[in-house]
Amino acid sequence: MDIFGSFALLLALGAAVYAFVGGIAGIATRRPLLTKTARNSGMAVFGLVTLAVATIEYAFFTDDFSLAYVAGHSNRALPLYYKFSAHWAYAVLGWGGYWAWDPVENAALLPWITGTAFLHSVMMQEKRGMMKVWNVWLVFVTFMLCILGTSLTRTGIVSSVHAFAESSIGGWFFTFLGIILLVCLAAWFKNRDYLRSDNQLDSLVSRESSFLFNNLILLAACFAVLWGTLFPVISEAVNGSKISVGPPFFNKVNVPIALFLLLLTGVGPLLAWRKTSYDALRRNFAWPLAGGAVAGAVACALGFRELYPLICLILSVFVTLTIAAEFYRGARVIASRDGTNILTAVGELTMRNTRRYGGYVIHFGMVLIFVGISGQAFNRDIQKEMNIGDTIAIGPYTILCQNYDQPSTAVYTADRAALEVFRNGKSEMMLYPEHRVYLASQVPETEVAIESTPLRDLYVVYAGASPETGKPVIHAYLNPLVKWIWFGGIVVVLGTGLAMFPNRGAALVLRAATQGAWSETVSAQTAPASAPIRRSDAND
């Protein structure tokens, strides 16, 4: 099987080279067939690499220790789900957080930012023939950032817990990036006459301007994250010492940027193309702004004083109301015309323009994510040496240490704490955090115990014994609203699928004719050969 996997990788390399060279040749010679075969070769790379991955997975599942990679990361006693995930062999790397501004995490974020900018500005190109150069370069930069992110995981240029290896292949990556840049420059220069805008910006108060500001802010965020990620490399090249920047820098720069993007998410749908009148502004913004203000006032009355979370709450309500208004206005027209209820009309409206309303669903998913992130301002944690019978109080919870034991399996040995969790004086659950040592590799690992609800997540960690006293140490974290990030991510995925779904169009359907009517039609020979037609949905 290893030969099969290697052969698949070699074929993938050949297909990638042909896709690259053939694509350039097809564009240069303007031969559609050559361009099509290059595109098909690019898709074949995905299939061939998938076959290679399936081969190594098969080797893990069958304990084929003739492969050094399998022998180094697996054993016969390893459960199947760990064998499946052995290109990432740890189960728990950390706890109490979901984003640490790690360099490799940042590298994954960068192409997402530029790709999002493209998806917004391409609508300006479709509607008004504007921002063509922007769109071309956003596509170019997105691809180059993908390659840059891959290089960060493979070369060890920056220190990261997610980096897979430190190797000498960095020169190959950066040579490839240089070639890509030259090709992109040549493609842009050759086609610059076709990339001129058909129209100009008519007004700052328009949907075009909101897309423009959206792109500028996204690119500012991209530059800030890229600069902070590569700053250790830049500082070493300039003064010979690596200077790293941590989460405080990224948060200070990107939190205001993110809030401004959230504002634009709500403003954009309320603006018209070309120019928005004052009456339209007043009519469209009145009640979403009022709703956001009321939400802010209620939060302040309840003791909500953190500035950025308060702004996030106001903007989240504002954006949610603008999205709801967009659905309601369109659905009300359909409901009054067809005599249906408002929910049926919302479904009909959505399926008639899936890309537009799928985009609104994505925006709502982002609102949920922003709400979840804002909960980070209220995170709590406490660490304490705990004997049997000791307690920890954190938020509404009281944690009582019931017992310690030492379970073992064929894979690991462990020290485990049995902790009873009370809320408002009532027992709610038992949690069992562990500190494990895996037998095959002798690697220690912490298994966190988690209790997750829509309002908060409770993480409890057995941190081992105190070096001073030898007593067990328990570390508890209470993080509000983490589930909202997951909910938001699910909504974003659903909205993306909806946006990719084809619009529901009207169809012409033949109505079945009765036998008598058919006889009369044939005898008279004055009616059309087919029965009267009606418009109907595709599902009729």
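Structure values in brief
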| read-out | value |
| --- | --- |
| Whichever residue in region 55-73 is in a helix (DSSP H, G or I) and in contact (Cβ under 8 Å) with a residue 40 or more places away in the chain and, among such residues, is surrounded by the fewest Cβ atoms within 10 Å (Cβ to Cβ) | Y58 |
| Every pair of residues 6+ apart whose Cβ atoms lie under 8 Å, when the first sits in region 407-436 and is more than 30 Å from R76 (Cα to Cα) while the second is part of a loop (DSSP other than H, G, I, E, B) | L419/Y432; L419/P433; R423/P396; N424/P396 |
| Strands (runs of 3 or more DSSP E) wholly inside region 426-494 containing at least 2 residues that are under 21 Å from M386 (Cβ atoms) and hydroxyl-bearing (S, T, Y) | 456-465 |
| Selection from region 301-321 of residues that are over 15 Å from Q376 (Cβ atoms), in a helix (DSSP H, G or I) and either out of contact with any helix residue (DSSP H, G or I) (no Cβ under 7 Å at 6 or more places or on another chain) or of a type in the set (K, R) (or both) | A301 |
| Filter pass, D193 being of a type outside the set (A, V, I, L, M), over 29 Å from I147 (Cβ atoms) and not assigned by TED's automatic domain parsing to the domain that holds A25 | no |
| Region 151-184 - residue that is buried (at least 17 other Cβ atoms within 10 Å of the Cβ) and closer than 30 Å to A28 by Cα and, of those, modelled with the highest pLDDT | C184 |
| Any hit, region 245-254, residues being charged (D, E, K, R) and either in contact with a Cys (Cβ under 7 Å, 6 or more places away or on another chain) or surrounded by 15 or more Cβ atoms within 10 Å (Cβ to Cβ) (or both) | no |
| L281, sole failed condition from (1) outside the structural domain of N106 (by TED's automatic domain parsing); (2) aliphatic (A, V, I, L, M); (3) without any contact (Cβ under 8 Å) to a residue 24 or more places away in the chain | (3) |
| Among (1) surrounded by 15 or more Cβ atoms within 10 Å (Cβ to Cβ); (2) assigned to a helix (DSSP H, G or I); (3) over 29 Å from the mean Cα position of the chain (by Cα), the one test that F189 misses | (1) |
| Residue match in region 187-197 (condition: touching a Ser or Thr at 6+ places or on another chain (Cβ under 6 Å) and in contact (Cβ under 8 Å) with a residue 40 or more places away in the chain) | no |
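Residue-by-condition table, conditions (1) of a type in the set (D, E); (2) surrounded by fewer than 19 Cβ atoms within 10 Å (Cβ to Cβ):
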position: M366; (1), (2): no, no
position: C401; (1), (2): no, no
position: P407; (1), (2): no, yes
position: V443; (1), (2): no, yes
position: P454; (1), (2): no, yes
position: D457; (1), (2): yes, no
position: S466; (1), (2): no, yes
position: Y477; (1), (2): no, no
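The values are calculated or read from the model by the stated rules, or taken from the named source; none is laboratory data. The structure displayed is predicted, hence computed values, not measured ones. Positions of Cβ are generated from backbone atoms using ideal geometry, with glycine treated the same way; all protein chains shown enter the neighbour counts.
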